[in-house]
Amino acid sequence: MSESRAFCPRCGDPVPDRSASDADAAADPLRPGTEVELCDSCYFDDFDFIDAPDRIDVQVCARCGAVHRGNRWVDVGAQDYTDIAIEEVSEALAVHVDVEDVAWQVEPEQVGENTIRMHAYFTGVVRDTPVEEQVMVPVKIARQTCTRCGRIAGDYYASIVQIRAEDRTPTSEEVDRAKEIANQVVADMEATGDRNAFVTETSETDDGLDIKVSTNKIGKKISNKMVEEFGGTVNDAETLVTEDQDGNEVYRVTFAVRLPPYTPGEVIDLADDDGGPVLVRSARGNLKGTRVTTGERYEADYEEGNSPEARRLGDLDDAVETTVVTVEDENAVQVLDPETFQAKTVARPDYFDPDAQTVPVLKSRAGVHVLPDSDPDTGDEDDDGYYDPYENDG
Ligand SMILES: [Zn+2]
Ligand SMILES: [Zn+2]
């Protein structure tokens, strides 16, 4: 190595020549204009391996563990306050840019309910010289309530979804499903980092279910999903509730979901129709079902939609097993009347199994009708949870 003619600009000692290709020869970005580097001795006089604050104050939401950074609350996914302290220390400590192979370990020391002393030990290499430094930074935790938790605690909501049904109250299945959908919509939004998605309250009322949610978007999603699954309609209406600090009007949106009058599994008798009662299969779009006299499909026309005029006769669940006495012909079968136990000739639908000893029948104002077997073990119950007599066909 040839000795250069360069000298330390501070002490005047000669410093080794560093070739242009040597990365170390680049001018120090912190001291632009420095063309000649300090000698090792002067360099290390100034060298500060770790830049640490005297202390770190961190605001943590006592309810959800979110941490306040800048001007907003951030979910850091910390398990406890020590986790948060480690997170904040690693954010706050700065390591000198020249140091390579930096490694560090940290030992938290709880010194009070809200103070954790972080003992951090750093090692690294600079100018081929191993360096190490130990720092202690106290982390002060201030327990607060984040905006979201404050809103939840204050029963804040921006939107109400009202689950109602036409000419009836929603079934427990519909109510349970609405709650499930609400939680799922919120969970999906939270998963994308949305801190403002929450269900404020669900309350069952005499005529259905009310779901209060934190944003209009959530209300819209829940109501659309309900209609998609169960049929029916949704109407939204805005109500002016207040003005915010900036004088902007704040509206609350009510989404009124109106589920169709008839639900899958119900048996209805259509007005002005002599085709026999219909077992409802679907109320999405036009009402669809199966004639319990013949087994033929039924679909309401466009004008009737999901609410043709009809009487309710009963439900699949109301059916009772009764004995098959004899099969008369392709249109008729004799069964025991479930109430009088007298043999009775009734219509034979095509789903009737001629080998069956017993069949489920519904006795109603319209007479006795053989229903399809709804035993879930036979696979009649499809994934949507409602009966589909065509599912196992062919
Ligand atoms: Zn020097
Ligand atoms: Zn919180």
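The values are calculated or read from the model by the stated rules, or taken from the named source; none is laboratory data. Remember, it's a predicted structure, so these values are computed and weren't measured experimentally. No Cβ is skipped: glycine too gets one built from the backbone with ideal geometry, and neighbour counts run over all protein chains shown. Ligands, DNA and RNA are stripped out before the accessible areas are found, and what is left, the full protein with its side chains, is counted by its heavy atoms. Shrake-Rupley method; radii C 1.70, N 1.55, O 1.52, S 1.80 Å.
Around the Cα centre of the chain, unit charges on the Cβ atoms of Lys, Arg, Asp and Glu (plus for the first two, minus for the last two) sum to a dipole of about 1340 debye. The long axis of helix 81-92 is offset from the longest Cα principal axis of the chain by roughly 50 degrees.
Residues whose amide H lies under 5 Å from that of Asp13, counting only those 5 or more places away or on a different chain, are Cys8; hydrogens are built 1.01 Å from N in the peptide plane.
Against the chain, whose longest principal axis comes from its Cα atoms, helix 216-230 is set at around 30 degrees.
So what is the calculated 222 nm ellipticity per residue for the chain, using -39500 (n - 2.57) for each DSSP H run with n of 4 or more, over all residues, to the nearest 500 deg cm²/dmol? That calculation yields -5000 deg cm²/dmol at 222 nm.
Among 334-347, 233-246, the peptide with the highest mean count of other Cβ atoms within 10 Å heads the list, and the full ranking is 334-347, 233-246. Converting phi to 3J(HN,Hα) with the Karplus coefficients 6.51, -1.76 and 1.60 and the offset θ = phi - 60°, segment 242-250 yields 6, 10, 7, 4, 8, x, 7, 6, 10 Hz in sequence order, with x at every glycine or proline.
Full extension of the chain segment joining Trp104 with Ser172 gains 18.8 nm, where the gain is 0.36 nm per residue of separation less the Cα-Cα distance. Distance between the 7 Å Cα→Cβ label points at His119 and Met136: 0.8 nm. Using a probe of 1.4 Å on the protein chains alone, the accessible area found for Glu321 is around 110 Å².
With the whole protein complex present, Arg311 retains an accessible surface near 100 Å², based on a 1.4 Å probe.
Between Glu330 and Asn224, residue separation times 0.36 nm minus the direct Cα-Cα distance comes to 33.7 nm. Computed on the chain, with alpha-carbon pairs under 8 angstrom and 6+ residues apart, the relative contact order is 8 percent.
Net charge in the neighbourhood of Gly289 (other residues with Cβ under 9 Å of its Cβ; Lys, Arg +1, Asp, Glu -1) is +2.
Computed from the C-beta positions of Phe44 and Arg143, the FRET efficiency with R₀ = 45 Å rounds to 0.60. Across segment 242-382, Cα pairs under 8 Å and at least six residues apart give a relative contact order of 17 percent.
Taking every lysine pair in the chain that is 8 or more places apart or spans two chains, those with Cα atoms closer than 23 Å amount to 12. Count Lys and Arg as plus one, Asp and Glu as minus one, and take only other residues whose Cβ is under 14 Å from that of Asn331; the net charge is then -3.
If the chain linking Ser203 and Asp236 were pulled fully straight, counting 0.36 nm for each residue of separation and taking away their Cα-Cα distance, it would gain 10.0 nm. Compared with the dominant Cα axis of the chain, that is its longest principal axis, helix 172-191 is turned about 20°.
Computed from the Cβ-Cβ distance with R0 of 41 Å, the FRET efficiency linking Val74 to Ala271 stands at 0.10. Accessible area of Ser364 (1.4 Å probe, protein heavy atoms only, ligands and nucleic acids ignored): about 20 Å².
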